[in-house]
1. From (1) under 25 Å from Ser96 (Cβ atoms); (2) among the β-branched types (Val, Ile, Thr); (3) touching a residue at least 60 places away in the same chain (Cβ under 8 Å), pick out the condition that doesn't hold for Thr39.
2. Got at least one residue in segment 54-63 being in contact with a Lys or Arg (Cβ under 9 Å, 6 or more places away or on another chain), among the hydrophobic types (A, V, I, L, M, F, W, C) and open to solvent by 40 Å² or more (accessible area, probe 1.4 Å)?
3. Among (1) closer than 25 Å to Val134 by Cβ; (2) part of a helix (DSSP H, G or I), there is one condition Gln18 misses while meeting the rest; what is its number?
4. Looking for something acidic (Asp, Glu), surrounded by fewer than 14 Cβ atoms within 10 Å (Cβ to Cβ) and at pLDDT 90 or above - is there at least one such residue anywhere in segment 115-127?
5. Can you list the helices (runs of 4 or more DSSP H) found entirely within segment 36-138 that contain at least 2 residues being within 26 Å of Arg24 (Cα to Cα) and under 14 Å from the mean Cα position of the chain (by Cα)?
6. Checking the condition touching a strand residue (DSSP E or B) at 6+ places or on another chain (Cβ under 8 Å) and either modelled with pLDDT of 85 or more or aliphatic (A, V, I, L, M) (or both), which residue from Glu136, Glu98, Glu91 passes?
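The values are calculated or read from the model by the stated rules, or taken from the named source; none is laboratory data. All of these numbers come straight from a predicted model, not from anything done at the bench. Quick reminder, even Gly has a Cβ in these numbers, built from the backbone with ideal geometry, and neighbours come from all protein chains shown. When the accessible area is computed, the model is the full protein with side chains, heavy atoms only, and any ligands, DNA or RNA have been set aside. Shrake-Rupley method; radii C 1.70, N 1.55, O 1.52, S 1.80 Å.
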Amino acid sequence: MGMVQKRKKMHYGDTHLQRRWRVRNRRRDLDQIDDDLKTRSGELINQNVDLDKPGFAQFYCVHCAKYFIDDTAMQAHFRTKVHKRRMKALETEPYSIEESERAAGRGSFQKPKKRVITTQPSKEDVIAGKRIKVEEVPDDNAASSNAMEQEQEEEKEKDEPVTTTKTKKASRKRTKKMAT
């Protein structure tokens, strides 16, 4: 009595790779989108009419590189998880040739810069003159080092002799309390 033979699954668990292999749904990479944001974001939002593209190329999300059929579909897209993930991914500076050379040992390591990216304005706002802003977030380490330098300068300006044998932190606290 023979049993029905079960087909073996050869590539179990590679669905994340299969998604990457699909080229029909391929979108622009983050470095290409970053270049678009810096150079021609207003041009992409106000495109000429193209009958081959969805919505005649009038509703385009610059961050996701997608066309939409109307403004309501595009505004709904701005609230989706896909758009928010793309915005989060664009917050870090894209990988560059200089960074690859530093990783190979031809320079010192620098942390990728964080940026603040806001969702693109509506078409009417762009016509009125509003643009997409990409602002860099200041480093926390740099801000804390600047604060420490300012404290040290304040101490030098005071030039008050400290008669106690306590640590510098305690004397700083004490002098600050006395001054107020």
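1. (3)
2. yes
3. The failed condition is (1).
4. Checking segment 115-127: not a single residue is acidic (Asp, Glu), surrounded by fewer than 14 Cβ atoms within 10 Å (Cβ to Cβ) and at pLDDT 90 or above.
5. Fully inside segment 36-138 and qualifying: 81-90.
6. From the options Glu136, Glu98, Glu91, the qualifying one is Glu91.
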